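The values are calculated or read from the model by the stated rules, or taken from the named source; none is laboratory data. Here the structure is a predicted model, which means the values were calculated and not measured. Cβ placement follows ideal geometry from the backbone for every residue including glycine, while neighbour counts extend to all protein chains displayed. Note: accessible area is taken over every heavy atom of the protein model, side chains too, but ligands, DNA and RNA are not part of it. Shrake-Rupley method; radii C 1.70, N 1.55, O 1.52, S 1.80 Å.
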Amino acid sequence: MPGFEIFGDEERKEVQDVLETGVLFRYGFDAARKGYWKARTFEEELSVRLGIKHSHLCSSGTSALSIALASCGVGAGDEVIIPPFTFVATMEAILLAGAVPVFAEIDDTLCLDPESVQNAITKRTKAVLPVHMCGAMARIDDLAAVCSSYGLILIEDACQALGATFHGKAAGTFGRVGCFSFDSVKTVTCGEGGAVVTDEEELYLKADAYADHGHDHVGNDRGLEGHGVLGSNYRISELNAAVGLAQLRKLDFMLERQRERKKWLKEALSQCPAVRFRNIPDEAGDSATFLSFFLPDEEKTRAVVKELGEAGVDGTFYWYDNKWHYIREWEHLKGMRTAAVLAADKFGVLPDYSNLHLPKSDAIISRTISMLMKLSWTQQDVDQRIEKINGVLNKFF
Ligand SMILES: *Cc1c(COP(=O)(O)O)cnc(C)c1O
């Protein structure tokens with residue numbers, strides 16, 4: 001990760017195809033497009049890859065979340081349970097849908113804790129939206145069981161988990177809808193892009209229409225299409241889809257490289273008695289974009305992170321201070337600083353997020369260090385990193 005590290009002739013060829021036709025629009029222009037349907041082809045190949053019936057490619061992972069919520073009928077006043085460790089997009093999509101993000105704790109998988117989810121359920125709860133963070137999955141079987149016993153909709157944010165599996169089944173295929181991102185720093189990148197995937201045809205048709213002004217995409221005259229639903233524009237362009245198509249075909253190569261590099265680093269780190277690795281419910285299904293581990297306490301973790309930085313170990317993340325990924329620094333949410341008037345705010349059904357306490361998540365994230373696995377690292381690069389990391393850890397433990 002990220003996929004842009006291995007751009008090559010394959011991406012250039014796909015983009016060139018599109019430029020030669022002049023058709024950047026993903027629908028119609030049948031005669032002019034010379035048989036090139038990049039978005040559609042991406043969707044077909046993604047569905048096969050994930051073992052799911054339907055995929056719809058859209059403009060971003062954030063729009064995938066909005067499309068998923070709308071297609072499942074989650075909206076004004078509904079509560080959606082999410083983890084506090086994610087990307088801000090997850091709670092944004094819920095708020096902009098008029099719904100209420102309810103935060104439950106994470107566990108040592110770095111993802112939603114199924115027991116905490118159960119405790120967060122109220123009569124307003126409509127959906128549970130786990131986020132498979134940093135390339136590996138939540139305890140998805142337990143989360144799915146909670147959802148089915150309480151009659152809740154399961155929507156997966158698999159934006160960071162393309163290629164991850166749980167006992168052979170792909171991340172994003174456990175709930176009613178799964179969401180993916182192909183933004184510029186994800187494993188597979190379109191530059192900007194996302195996808196919603198589902199096994200339910202009716203839901204897929206709703207998503208497909210919602211993402212393009214409600215147009216039903218039936219018939220050849222676009223101006224005469226019907227409208228099943230009100231929608232908006234969350235379309236992807238053929239140029240973005242073309243880049244992603246070439247990238248998607250490299251996914252196995254990327255996973256193999258990440259897994260190999262992660263194995264080398266993990267072996268080295270496991271020599272340190274203070275290091276405890278993140279719990280990955282099915283290790284074999286780890287997409288291995290990151291190696292994440294815990295140190296004994298916050299103070300030592302901070303000190304180690306600082307020294308790793310000074311030693312030049314790049315791609316090291318301390319999420320507890322990170323403003324994109326952990327709720328502790330989401331001042332805009334805590335102060336409800338919004339541009340649009342949010343339905344849930346207007347109805348007075350939003351909790352006071354500034355008073356939120358998530359002690360279990362704090363205790364985990366404050367001791368977590370994640371290291372990004374780069375595709376371009378040679379064995380020698382990894383050996384040098386290991387030497388630097390050992391140098392730092394040996395000072396403390
Ligand atoms: C990247 C990401 C998103 C949003 O994807 P964009 O394509 O950047 O809009 C949503 N959730 C998570 C967990 C992400 O990492």
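Points worth noting:
- Assuming charge only on the beta carbon of Lys and Arg (+1) and of Asp and Glu (-1), the dipole of segment 252-396 about its Cα centre is about 120 debye to the nearest 20.
- Per-residue HN-Hα couplings for segment 360-368 [Karplus 6.51, -1.76, 1.60; θ = phi - 60°; Hz; x = Gly/Pro]: 5, 5, 4, 5, 7, 5, 5, 10, 9
- 18 Å Cα cut-off, lysine pairs counted over segment 252-396 (separation 8 or more, or different chains): 14
- For segment 311-316, the Karplus equation 6.51 cos²θ - 1.76 cosθ + 1.60, evaluated at θ = phi - 60°, returns couplings of 7, x, 7, 6, x, 9 Hz by residue, with Gly and Pro reported as x.
- Taking the chain and dividing mean pair separation by its residue count, relative contact order in percent (alpha carbons under 8 Å, at least six apart): 21 percent
- Near residue 5: Cβ cut-off under 10 Å, other residues only, Lys/Arg at +1 and Asp/Glu at -1. The net charge is +2.
- Taking only the C-alpha atoms of segment 129-239, Rg followed by Dmax gives 15.8, 47 Å.
- Helix-only mean residue ellipticity at 222 nm for the chain, each DSSP H run of n ≥ 4 adding -39500 (n - 2.57), per residue, nearest 500: -11500 deg cm²/dmol
- Summarising the amide proton neighbourhood of residue 373: residues at separation of 5 or more, or on other chains, whose placed amide H is nearer than 5 Å comprise 290, 291.
- Amide H contacts under 5 Å for residue 100, placed H, 5+ residues apart: 77, 78, 79, 80
- Neighbourhood net charge (12 Å Cβ-Cβ; Lys/Arg +1, Asp/Glu -1) for residue 24: +1
- Heavy-atom surface analysis with a 1.4 Å probe gives the chain a carbon and sulfur content of 51 percent of its accessible area.
- Whether the chain is rounded, prolate or oblate, judged on the alpha carbon gyration tensor where a/c under 1.5 counts as rounded: oblate
- Sparsely packed loop sites in segment 179-271 (the trypsin sites (Lys or Arg not before Pro) outside DSSP H, G, I, E and B with at most 16 other Cβ atoms within 10 Å) comprise 249.
- Residue among 77, 217, 128 farthest towards the positive dipole end of segment 3-250, charges placed on Cβ: 217
- In nm, spacing of pseudo-spin labels at residue 356 and residue 16 (7 Å Cα→C-beta vector): 4.8 nm
- Charge dipole of segment 315-381 (Cα centre as origin; +1 on each Lys and Arg Cβ, -1 on each Asp and Glu Cβ, all else neutral): 60 debye, rounded to the nearest 20.
- Ranked by the mean number of other Cβ atoms within 10 Å of their residues, highest first, the peptides 267-276, 64-73, 140-149, 333-342 fall in the order 64-73, 140-149, 267-276, 333-342.
- Segment 162-214 and segment 130-156 have their alpha-carbon centroids 15 Å apart.
- Distance between segment 326-397 and segment 250-299 - C-alpha centres, whole angstrom: 17 Å
- Per the Kirkwood formula applied to alpha carbons, segment 252-396 shows a radius of gyration over Rh ratio, Rg over Rh, of 1.07.
- Solvent exposure of the chain as accessible area per residue, Å², 1.4 Å probe: 42 Å²
- Each of 318, 375, 280 was placed along the dipole of the chain (beta-carbon charges, centred on the mean Cα), and the one lying farthest toward the positive end is 318.
- Segment 59-156: trypsin sites (Lys or Arg not before Pro) in DSSP coil with no more than 14 other Cβ atoms inside 10 Å: 123, 124
- Amide H contacts for residue 153 (H built 1.01 Å from N in the peptide plane; partners 5 or more residues away or on another chain; cut-off under 5 Å): 127, 128.
- Student exercise, the chain dipole from Lys, Arg, Asp, Glu Cβ charges, in Debye to nearest 20: 440 debye
- Protection proxy ranking, peptides 176-183, 237-244, average beta carbon neighbours within 10 Å, highest first: 176-183, 237-244
- The phi-based Karplus calculation (6.51 cos²θ - 1.76 cosθ + 1.60; θ = phi - 60°) puts the 3J(HN,Hα) values of segment 228-244 at x, 9, 6, x, 7, 10, 10, 6, 9, 8, 4, 5, 5, 4, 4, 4, x Hz, whole numbers, x for Gly and Pro.
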